[in-house]
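Read through the structure below, which is laid out as structure tokens, and then see the notes.
Please treat every number below as a calculation from the coordinates, not as lab data. Not measured: the values here are computed from a predicted model. Here the Cβ is made from the backbone with ideal geometry for all residues, glycine too, and neighbour counts use every protein chain on show.
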Amino acid sequence: MNVAFDIGHPAQAHLFRNAITELVDRGAEVTVLSREKEVTTALLDAYGIEHTPLSTNRGRLGGFPGLAVEWGQRSFRVVRSLRAADPDVVVSHVNPPAVYASRLVGATSIVFTDVEVTPLISNVTYPLADVICTPENFGHDIGSNQRRYNGFHELAYLHPSRFEPDPARLATHGVDTDRPYSVLRFVGWDAYHDAGQEGISTATKRELIERLSEHGPVYITSEADLPPDLQQYRLPVPPHLAHDLLAHANLYVGDSQAMAAESAVLGTPALRLNSFVGDDDMSKFVELEEEYGLLFSIQDERELVDRAEALTTEDSAAWRSKRDALVADKIDVTGYMLETIGEAAGEPRQRVIA
């Protein structure tokens, strides 16, 4: 079996890393094409995954026009790399260059997505993808190439069969898991898909830190630069240990989409505030809140601060029970991913270019 993965975001490094490792262990030929965006390549390096960076994120510098320029350059490089690798299957997130290149070189394209709020990219990606895998209650019907599975993306790397948090890994970086602590995550809001959106205000960030610090250490991970007086709270662990930190935290608060869902799936009380919250919220956040009570999406900053402080005294056993219920209901998404790749690898395709 010959499989290629296109990874352009830190969340995708997490999503695909166990499938990549297992395929390599099984003797498959695996090619990983990466992108310099935030800590994407650093994560792949930390996980021991060989990869080839093909482009650097330009969305921050030029918005969608900058991203379009990068896509054009990356598309050429992806085609060239896939022609050399000659994969049976190409696995990606919603990534136009990977899907277009798959069609050109005659590989089956598998797309995994749980994102319902990027219609432009979806509209230029979905029509050429062979298989589009989405969570069961994904909010859109894509068509006959859509396959729904009973799980969350986060369960590809945080399912208990795939991940076991280790306090010893945190101790080497000065984190004492016997003390209650909170993790805060603030995003930059300068990505093309975040245009017009906003998160937690600076004043509320400061109030959260002040109030939560009374109950234990506060650790901050932030895309935007932190002011000098808040540098002391910056995350003390490398990016690949962020999930260990979240798993042992007694609270997560932030305006991040990804880390809120990760915290919930780990059984850590999660509070999320950003302008995506509302009637058209993503289905996974609605399910995590309404079905499992593991996450709360909030629109009012005063409520956020008060709720955060109240949750510092919550019984952790109750949250572990909620998490156990979720895991019992859902599948090991990496296992599903490997089955889907295996099936696709047996389907012959025809090259568009030689």
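Suppose each label sits 7 Å from its Cα in the direction of the beta carbon; what would the S161-R302 distance come out to in nanometres?
If labels sit at S161 and R302, their model points lie 4.8 nm apart.
Can you tell me the Rg and Dmax of segment 167-329, counting just the alpha carbons, in angstroms?
Calculated on Cα positions, Rg and Dmax stand at 15.0, 45 Å.
Using each residue's phi in segment 173-181, evaluate 6.51 cos²θ - 1.76 cosθ + 1.60 at θ = phi - 60° and report the 3J(HN,Hα) Karplus result to the nearest Hz, with x for Gly and Pro.
Here the 3J(HN,Hα) series is 10, x, 9, 9, 6, 7, 9, x, 8 Hz.
Compute the length gained on full extension between R80 and A328: take 0.36 nm times their separation in residues and subtract their Cα-Cα distance, giving the result in nm to one decimal. Please list the in-between numbers first.
Details: separation 248, 0.36 × 248 = 89.28 nm, distance 4.31 nm.
Computed gain between R80 and A328 is 85.0 nm.
Do any trypsin sites (Lys or Arg not before Pro) in segment 1-110 lie in a loop, going by DSSP, with at most 16 other beta-carbon atoms within 10 Å of their beta carbon, and if so which?
R26
Using the Cα centre of segment 167-329 as origin and beta-carbon charges of +1 (Lys, Arg) and -1 (Asp, Glu), tell me which of T172, T268, L251 is placed farthest towards the positive end of the dipole.
Towards the positive end, the residue furthest out is T172.
T56 to E339: FRET efficiency via 1/(1 + (r/R0)^6), r the Cβ-Cβ distance, R0 35 Å, to the nearest 0.05?
Numbers: r = 34 Å, r/R0 = 0.97.
FRET efficiency, T56 to E339: 0.55.
Round to the nearest 0.05 the FRET efficiency obtained for A224 and D280 when R0 = 35 Å and r is the Cβ-Cβ distance.
Details: r = 25 Å, r/R0 = 0.72.
Approximately 0.85, to the nearest 0.05.
Semi-axes of the equivalent ellipsoid for segment 110-219, please: Cα gyration tensor eigenvalues, times 5, square-rooted, ordered largest first, whole Å. Mind dumping the intermediate values first?
On the way: eigenvalues 259, 99, 23 Å².
So the equivalent ellipsoid measures 36, 22, 11 Å along its semi-axes.
So if each residue of separation counts as 0.36 nm, and I subtract the Cα-Cα distance between A168 and E291, what length gain in nm does that give? Walk me through the numbers on the way to the answer.
Numbers: separation 123, 0.36 × 123 = 44.28 nm, distance 3.30 nm.
Working it through step by step, the gained length comes to 41.0 nm.
Under the Karplus relation 6.51 cos²θ - 1.76 cosθ + 1.60, θ = phi - 60°, what is the ordered set of whole-Hz ³J(HN,Hα) values for segment 203-215, x standing for Gly and Pro?
My calculation for segment 203-215 gives 4, 6, 4, 5, 5, 4, 4, 5, 6, 6, 5, 6, 10 Hz in order.
Under 10 Å, Cα contacts only: if you run a Gaussian network model on the chain, which one of T340, T134, T313 comes out with the highest mean-square fluctuation?
Greatest mean-square fluctuation among the candidates belongs to T313.
How much FRET efficiency would the formula 1/(1 + (r/R0)^6) give for E210 and E116, where r is the Cβ-Cβ distance and R0 is 25 Å, rounded to 0.05? Write out the running numbers ahead of the final one.
Working: r = 35 Å, r/R0 = 1.41.
It comes to 0.10.
State the percent of C-alpha pairs, over all pairs in the chain, separated by a distance greater than 27 angstrom. The partial results should precede the final answer.
Numbers: 29040 of 62481 pairs.
Considering the chain, 46 percent of its Cα-Cα pairs are separated by more than 27 Å.
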